[in-house]
Ligand SMILES: Cc1cc2nc3c(=O)[nH]c(=O)nc-3n(C[C@H](O)[C@H](O)[C@H](O)COP(=O)(O)O)c2cc1C
C-alpha cells in the first residue's frame, strides 16, 4: 500500500486508487454532485481556465508557504473542509484526518454530521487547530450543547453552513441505493463482497453513527433525523444573530456565492465567509466559486476572512484563489480520495502532493512566499 501511495503523483491518481479500493456506492457518494453535476464540472473548468503570469529573475530558492489565518499561523493557505460520515470512507475517519492536519499545521473542520465526536477529534489531535462546522437545528438545546462542547474541546472557529435549506438530489446515490449508515441490501452486500478489506474494517471497528449528535439525541438517531438537522428551510439572519451571541470565538459563514450575502453575513457579526457551492453538491448550476470570488472580496473589504472551496485539486489552484481574493482554500474531496486510497497515510500523501505542487508553482511563477501572490499573477481569459 505504501508503494501505491508513493506512486500516486496527483490527486487524480489518488482518486483512481480510491475508485478501486472503495465500494462503488461510497466512492460515488464522495465523487458525485447534485443533479446533472454541471457545477461540479464548472468548478474545475474555472480553475483550469486561469492563466498564471510568471515574473522571473528574482530568487525563489526556498519559498515560504506559511500564512496567517484568523490570527494564527498555518503551514500553508489550506484548510480541511468538513465532510460528514468520514468513517464510511475509511475506518481511520475524522481522527486520522485531524491528525494529518495537525502534523501539517493546518486547520481541520469537523462536521456536525461527522462520525466521530468533537471530543474524539480533540483527543486524536490535541495540538491541532480544530474547527467545528455547525448545522443549526430547530432544537436550541442541541445547538447550545454543540457550541459548549466545541468550546470545551478547544475549537477556535465555528463555521455555519447555510447552503443546505433542503437536501439536493444526488442521482448516483439514489441509483446506487445508498443509505447512511450503509444498510445491508443485496446490492450493497455485493459491493462490499468486492471490497473485502473495506468490509472487514467496517465490521471490526465501532459502528458508523452520527457521533456528536448521538451523544445528545440517543443512539437511535438515524439518517432521516440527521437530515432534519442538516437541512433547515427556515434558516435566516436571525439564526446568525443568535449564533453570534452564543459563540465568542471566530465565526465563518459557509456556502456563500453572492457578494450581498457575504456583506450581510459580516454585518451580522461573522468574521468572514467561505465562498463555496458545497463542491457542486447542493444547487446545481450555481456559479463556479472562483468566478464570484473577486466580487465577494470587494463586498466584505480587506479585513474580513475569505476562504474558498469547491474544485481545488492542485497546488496551483491555491495560487489562483489567493490572487483573486481568498486568504486560503479548503479541500473536501482531495483529502477524501487520499483517505479512501490509503487511510491516514493516504491523507498525508494528498497533502504532500498539494504542498509540493503549491511550492513548485510559486517558484515557477517567480514568487518566494504565499504573501507575494497578487492579482497581477493571474489572468482569466
Ligand atoms: C462526502 C462529502 C461530505 C460533505 N459533508 C459536508 C458537511 O457535513 N457539512 C458541510 O458544510 N459541507 C460538507 N461537504 C462540503 C465540503 O465541506 C466542501 O464544501 C466541498 O467538499 C468542497 O468541494 P471539493 O470537494 O471539490 O473540495 C461535504 C463534501 C463531501 C465531498
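What about residue 334, is it under 20 Å from residue 244 (Cβ atoms) and either more than 10 Å from the ligand (Cβ to nearest atom) or touching a residue at least 60 places away in the same chain (Cβ under 8 Å) (or both)?
It is false that residue 334 is under 20 Å from residue 244 (Cβ atoms) and either more than 10 Å from the ligand (Cβ to nearest atom) or touching a residue at least 60 places away in the same chain (Cβ under 8 Å) (or both).
Take the conditions surrounded by 15 or more Cβ atoms within 10 Å (Cβ to Cβ) and at positive phi and apply them to residue 94. Does it pass?
no
Quick check, is residue 84 within 12 Å of the ligand (Cβ to nearest atom), modelled with pLDDT under 95, surrounded by fewer than 21 Cβ atoms within 10 Å (Cβ to Cβ) and under 17 Å from the mean Cα position of the chain (by Cα)?
Yes, satisfied.
Restricting attention to the stretch 294-315, report how many residues are on the phi < 0 side of the Ramachandran plot and within 14 Å of the ligand (Cβ to nearest atom).
Residues meeting the conditions: 7.
What number of residues in the stretch 1-17 are farther than 13 Å from residue 345 by Cβ and within 16 Å of the ligand (Cβ to nearest atom)?
Qualifying residue count, the stretch 1-17: 4.
Quick one: in the stretch 269-292, of everything that is more than 14 Å from the ligand (Cβ to nearest atom) and not in a loop (DSSP other than H, G, I, E, B), which residue is nearest to the chain's Cα centre (by Cα)?
For the stretch 269-292, the residue satisfying everything is 272.
When you look at residue 245, is it part of a helix (DSSP H, G or I) and at pLDDT below 95, yes or no?
No; evaluated as a whole, the condition is false for this residue.
Any idea which residue in the stretch 105-134 is farthest from residue 152 (Cα to Cα), counting only those that are touching a strand residue (DSSP E or B) at 6+ places or on another chain (Cβ under 8 Å) and more than 16 Å from the ligand (Cβ to nearest atom)?
105
Can you pull out the residues in the stretch 25-37 that are surrounded by fewer than 23 Cβ atoms within 10 Å (Cβ to Cβ), over 11 Å from residue 282 (Cα atoms) and more than 9 Å from the ligand (Cβ to nearest atom)?
Listed by number, the residues that qualify are 25, 28, 36.
Checking the structure you have, find out if any residue of the stretch 194-209 is at negative phi, at pLDDT 90 or above and either buried (at least 18 other Cβ atoms within 10 Å of the Cβ) or not in a loop (DSSP other than H, G, I, E, B) (or both).
There is no residue in the stretch 194-209 that is at negative phi, at pLDDT 90 or above and either buried (at least 18 other Cβ atoms within 10 Å of the Cβ) or not in a loop (DSSP other than H, G, I, E, B) (or both).
Of all residues being in contact (Cβ under 8 Å) with a residue 12 or more places away in the chain and assigned to a helix (DSSP H, G or I) in the stretch 229-241, which is farthest from the ligand (Cβ to nearest atom)? Just the residue, please.
241
The values are calculated or read from the model by the stated rules, or taken from the named source; none is laboratory data. Since the model is a prediction, treat every value here as computed from it, not as a measurement. Neighbour counts are summed over all protein chains in view; Cβ atoms, including those assigned to glycine, are modelled from backbone coordinates with ideal geometry.
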